[in-house]
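To start, the structure itself, in structure tokens.
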Amino acid sequence: MQKVLQSLVQLQSIDVRVGEVRARLARFPRRIAELDQRIAAAKADVDTSKAAQFTSIKERKKYELDVEQWKERVRKYKDQGSQIKTNEAYRALQHEIELAEQEIAEAEDRLLEKMVAGEEYDRRIRASEKSLTEIEAATRVERTKIESDKAAAERELGELNADRERAVAQIPENVLDNYTRIAKKHDGIALTEIRDERCSSCGMMIRPHVIQELRRATGEELFHCETCTRIFYNLEQSASAAASISASSNSEIQ
């Protein structure tokens, strides 16, 4: 049973690592989505700047037309001046000319504002396009790294699954079922170490005879914590299992 217990310790170590790798893999889609969002936001900024510039150009053309229309009206009023017969009519015409020239001045002021705004929109577009180019370049580098990290995690998961199959092969089916049931109940941790004669998971004191049985090399029974139901193993068994894992890893590297 000591050998089975060591296999269980090894299996739990593998399962913990499997959980960590799967958690890493689960984060990759979100990281990719964040990159896509950054690019989309940068593109939206460019589009917004271009849309504002387009609106400004339309308004500028409108004010240019206004200026020309008022100038044409002034020319017509002045042409009519030679036909005026009375002072009253002349003063009325002059008043219309003054109003038209005032409209010209106001339209030219608005036109100038739009021209200045147009320069600002040009600057914004250049800045947003430069930012988009930089973000696209940075995200390409990040995406390559993410894809590389993902591939490495997938390889690691494949290796761990193979290690798990080898560990499971050393464990009787009924013991494995017991381990699986407890692991599901306790977030993947079915085994717990004895520390200072207590369960290291829940702190429950362990009966002396249980500790003695666990330390026996010929023990044929698995002992569970009376409180949390996890399977006990002691420090010596933990070290033995760790040495087994290390030896296994070294043989694979060679």
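The values are calculated or read from the model by the stated rules, or taken from the named source; none is laboratory data. Just so it is clear, the structure is predicted and the values come from calculations on it, not from any experiment. Ideal geometry is used to build each Cβ from the backbone, glycine not excepted, and the neighbour counts take in all protein chains shown.
If you check Glu88, Glu34 for being free of Cβ contacts under 8 Å to residues at least 12 places away in the same chain and within 30 Å of Ile125 (Cα to Cα), only one passes: Glu34. Restricting the range 134-167 to residues that are loosely packed, with under 12 Cβ neighbours inside 10 Å and among the polar types (S, T, N, Q) leaves a set whose member that is farthest from Gln37 (Cα to Cα) is Ser148. The residue that is farthest from the chain's Cα centre (by Cα), counting only those in the range 186-199 that are free of Cβ contacts under 8 Å to residues at least 60 places away in the same chain and surrounded by 13 or more Cβ atoms within 10 Å (Cβ to Cβ), is Arg198. Of all residues assigned to the range 71-83, none qualifies as being at pLDDT below 80, of a type in the set (Ser, Thr, Tyr) and not in a helix (DSSP H, G or I).
For the range 168-185, a residue qualifies if it is within 37 Å of the chain's Cα centre (by Cα) and buried (at least 18 other Cβ atoms within 10 Å of the Cβ), and the qualifying residues are Tyr179, Ile182, Ala183.
Once the range 200-228 is narrowed to residues that are touching a Cys at 6+ places or on another chain (Cβ under 7 Å) and over 19 Å from Gln10 (Cα atoms), the residue that is surrounded by the most Cβ atoms within 10 Å (Cβ to Cβ) is Cys225. Report, by residue number, each residue of the range 200-224 that is touching a helix residue (DSSP H, G or I) at 6+ places or on another chain (Cβ under 6 Å) and free of Cβ contacts under 8 Å to residues at least 40 places away in the same chain. Result: Phe223, single match.
Can you find even one residue in the range 203-215 that is among the charged types (D, E, K, R), in contact with a Gly (Cβ under 6 Å, 6 or more places away or on another chain) and modelled with pLDDT under 90? Quick ask: steps written out before the conclusion?
Restricting attention to the range 203-215, the residues satisfying the condition of being among the charged types (D, E, K, R) are 207, 213, 215.
The next check asks that each one be in contact with a Gly (Cβ under 6 Å, 6 or more places away or on another chain); those that pass are 213.
Restricting the remaining residues to those that are modelled with pLDDT under 90 gives 213.
Yes, the conditions are met somewhere in the range 203-215.
This table checks each residue for (1) more than 24 Å from Ile14 (Cβ to Cβ); (2) assigned to a helix (DSSP H, G or I); (3) of a type in the set (S, T, N, Q); (4) in the same structural domain as Asp45 (by TED's automatic domain parsing).
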| site | (1), (2), (3), (4) |
| --- | --- |
| Gly118 | yes, yes, no, yes |
| Thr133 | yes, yes, yes, yes |
| Thr139 | yes, yes, yes, yes |
| Arg155 | no, yes, no, yes |
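Does Ala100 count as within 30 Å of Thr48 (Cβ to Cβ) and either under 60 Å from the mean Cα position of the chain (by Cα) or touching a residue at least 60 places away in the same chain (Cβ under 8 Å) (or both)?
Taking the combined requirement at face value, the residue does not satisfy it.
When the range 64-79 is filtered for residues that are surrounded by fewer than 14 Cβ atoms within 10 Å (Cβ to Cβ) and over 30 Å from Gly118 (Cβ atoms), the ones remaining, listed by number, are Lys76, Lys78, Asp79.
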